[in-house]
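Following: one structure in structure tokens, then a few remarks.
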Amino acid sequence: MEVARVQAIATLSKAMDTIPDEFIRPHEEQPALTTFKGPVPEIPTIDLSDHDQDYLVHTVANASREWGLFQVVNHGIPVEVISKLQTVGKEFFELSQEEKEVYARPADSVSLEGYGTNLAKEAEVKTCNWVDYLFHNVWPPSRINYGIWPKNPPSYREANEEYTKFLKSVVDKLLTYLSLGLRLKGNAIKEAVGGDNLEYLLKINYYPPCPRPDLALGVAPHTDMSTITVLVPNEVPGLQVFKDDHWFDAKYIPNALIIHIGDQTEVKLMFLIIIGLEKNNVSLLTENQFHLLERSKASKSKERIACWALF
Ligand SMILES: O=C(O)CCC(=O)C(=O)O
């Protein structure tokens, strides 16, 4: 059965200057009615090139605890590596529909990998998300199914491998700072989530221009099931975070990485406490709860692309 893609729906919607009913969110979720309009509190931004490790440990732990999300700059991933990743992602979505469908995730697949769209029937949700995606493993090599990595554009594989190589060292640093900030051994969280066999998945979200971004959402409110999610959006704003009972727009900082502490970090902390490695530290869990809700919007006139990696 042919699956409708949001990219195709967007082309028709543009001509009619409206969107299908199944994309219209209930009032309590509509971005125009629920986005905070006053001065927006700034999401913490951390300069990872700072030489003071104690300061980094402290700021990463605090930002994780208070926000569950922060941005990092001077993280060591070269600008051109990020830009190549974004370019190949964009080029994939510019391929013909037929070419993209070669990588389609079968509706009955148990794997998350492939090109897809969460339309209401498939996801058993009432309202559809204004987004198409491409999702696949990027690490370790033994877990990669290169059949799902697009052959076109030809530099897709190189761009992903290069980005993953740099990303891993940023993630190692962040997991160390987070562990130390939680008064654990530096390698505690990394080891608890699989050590060097930690699996990395990369998802490219493609939000086509949407005639009614005031009514629709790109991705509905959710927490991330990951340990950490690392997001690199293009320059089109869209990410929103829920804090102090309000939805706030996340500020776009060119070439920054947006770090989201996922549900698994909390689960693993609980595990470390239960198995007794941190038995005198039950307060670790009550002090550190990272339930960040986020959602994303589309733009009226521009395509938004967000590449995120999670582990
Ligand atoms: O596009 C974004 O900025 C965030 C996307 C997201 O949170 C998701 O796909 O789970």
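The values are calculated or read from the model by the stated rules, or taken from the named source; none is laboratory data. These figures come from a predicted structure and were not determined experimentally. All Cβ positions, glycine included, derive from the backbone under ideal geometry; neighbour counts span all protein chains shown.
Figures for the structure shown
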| item | result |
| --- | --- |
| Residue ranges of helices (runs of 4 or more DSSP H) in segment 12-102 with at least 2 members touching a residue at least 12 places away in the same chain (Cβ under 8 Å) and touching a Gly at 6+ places or on another chain (Cβ under 9 Å) | 53-66 |
| Qualifying residue in segment 161-177 (condition: hydrophobic (A, V, I, L, M, F, W, C), assigned to a helix (DSSP H, G or I) and farther than 26 Å from Gly89 by Cβ) | no |
| Residue pairs meeting the criteria (Cβ under 6 Å; at least 6 apart or on separate chains; first without any contact (Cβ under 8 Å) to a residue 24 or more places away in the chain, in segment 171-188; second β-branched (Val, Ile, Thr)) | Ser179/Ile189; Gly186/Thr176 |
| Within segment 1-11, tally of residues that are at pLDDT 90 or above, out of contact with any helix residue (DSSP H, G or I) (no Cβ under 9 Å at 6 or more places or on another chain) and surrounded by fewer than 16 Cβ atoms within 10 Å (Cβ to Cβ) | 1 |
| Residues that are closer than 30 Å to Leu178 by Cβ and exposed (fewer than 10 other Cβ atoms within 10 Å of the Cβ), drawn from segment 16-48 | Pro39 |
| Within segment 194-207, considering residues that are surrounded by 21 or more Cβ atoms within 10 Å (Cβ to Cβ) and either free of Cβ contacts under 8 Å to residues at least 40 places away in the same chain or touching a Ser or Thr at 6+ places or on another chain (Cβ under 8 Å) (or both), the one nearest to Tyr55 (Cα to Cα) | Leu202 |
| Given (1) surrounded by 19 or more Cβ atoms within 10 Å (Cβ to Cβ); (2) over 30 Å from His136 (Cβ atoms); (3) within 22 Å of the chain's Cα centre (by Cα), number of the condition Leu56 does not satisfy | (3) |
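Every residue, every condition in (1) more than 10 Å from the ligand (Cβ to nearest atom); (2) assigned to a strand (DSSP E or B); (3) basic (Lys, Arg), yes or no:
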residue: Leu202; (1), (2), (3): yes, yes, no
residue: Tyr206; (1), (2), (3): no, yes, no
residue: Pro213; (1), (2), (3): yes, no, no
residue: Met225; (1), (2), (3): no, no, no
residue: Thr229; (1), (2), (3): no, yes, no
residue: Pro237; (1), (2), (3): no, no, no
residue: Phe242; (1), (2), (3): yes, yes, no
residue: Phe248; (1), (2), (3): yes, yes, no
residue: Pro254; (1), (2), (3): yes, no, no
